[in-house]
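The values are calculated or read from the model by the stated rules, or taken from the named source; none is laboratory data. Just so you know, these numbers come straight off a predicted model, no measurement behind them. FYI the Cβ positions are ideal-geometry reconstructions off the backbone, even for glycines, and counts take in every protein chain you see. Side chains included, ligands, DNA and RNA excluded: accessible areas come from the protein's heavy atoms. Shrake-Rupley method; radii C 1.70, N 1.55, O 1.52, S 1.80 Å.
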Amino acid sequence: QVQLVESGGGLVQPGGSLRLSCTVSGNIFSINAMGWYRQAPGKQRELVALITRGGIVNYADFVKGRFTIARDNAWNTVFLIMNSLKPEGTAVYYCNTIPLATGAWGQGTQVTVSS
């Protein structure tokens, strides 16, 4: 099992930027891919971006061109660099493995985009 701790959220104005970090510990050698997810109030959790062990990345259409996912080589930290943030990006952001480690969800980090 892995342990996940998200950080880096906060309040930002529309058009602003944030960098989220996901600190990963535990059985990192089993990880083949990681993703960033988000859950807005009253909505289901959704996948925002993913990165594979081989460095392949993929993004949800609603963040393409604005967000970047990256990781260190050892899977110790996974980043989500968010630019040109929009108010609809307000949500709690989580990281997790792909496929999901359902028992490993962390507390998430709150991102609020508002003027």
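Give me the extension gain from residue 81 to residue 40: residue separation times 0.36 nm, minus the current Cα-Cα distance, reported in nm with one decimal.
In short, 12.9 nm is gained.
Loop-only chymotrypsin sites (Phe, Trp or Tyr not before Pro) in the stretch 3-70, please: DSSP not H, G, I, E or B, and at most 16 other Cβ atoms within 10 Å.
Sparse-neighbourhood loop chymotrypsin sites (Phe, Trp or Tyr not before Pro): 62.
Using mean Cβ contacts within 10 Å as the protection proxy, how do 8-14, 94-100 order, highest first?
94-100, 8-14
Please name whichever of 51, 28, 4 sits farthest to the positive end of the charge dipole of the stretch 1-99, dipole taken about the Cα centre and charges placed at Cβ: Lys and Arg +1, Asp and Glu -1.
51
Of all accessible surface on the stretch 49-97 at a 1.4 Å probe, what whole percent is carbon and sulfur?
Roughly 54 percent of what the probe reaches on the stretch 49-97 is carbon or sulfur.
Taking the Kirkwood radius as the inverse of the mean 1/r across Cα pairs, report the Rg/Rh of the chain.
0.95
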